[in-house]
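The values are calculated or read from the model by the stated rules, or taken from the named source; none is laboratory data. Note that this is a predicted model, so its numbers are computed, not measured. Because the Cβ atoms are built from the backbone with ideal geometry, glycine has one as well, and the counts that use them run over all protein chains shown.
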């Protein structure tokens, strides 16, 4: 039995480069940023997965932009140097 034949119960361990690339590519296509929900829709990933990857694995690449005074609407985008 090879490692590729092993079935996982629940989520696979650790981050995948494929998901990071999906998120980064969508953000590159939208330099003004996107809501987490829209970013999830365009990548085909769940909102929780997108949030997790942004917070844990891409925190040095993104910046949060708040559109309203009370910070109700949060948009994420790549930092200027990454665009």
Exercise for the section: Would you confirm whether any residue within segment 18-27 is touching a strand residue (DSSP E or B) at 6+ places or on another chain (Cβ under 9 Å) and modelled with pLDDT under 95? Expected result: no
Fill in the blank from the handout: The correct count of residues that are surrounded by 12 or more Cβ atoms within 10 Å (Cβ to Cβ) and free of Cβ contacts under 8 Å to residues at least 24 places away in the same chain in segment 26-69 is 9
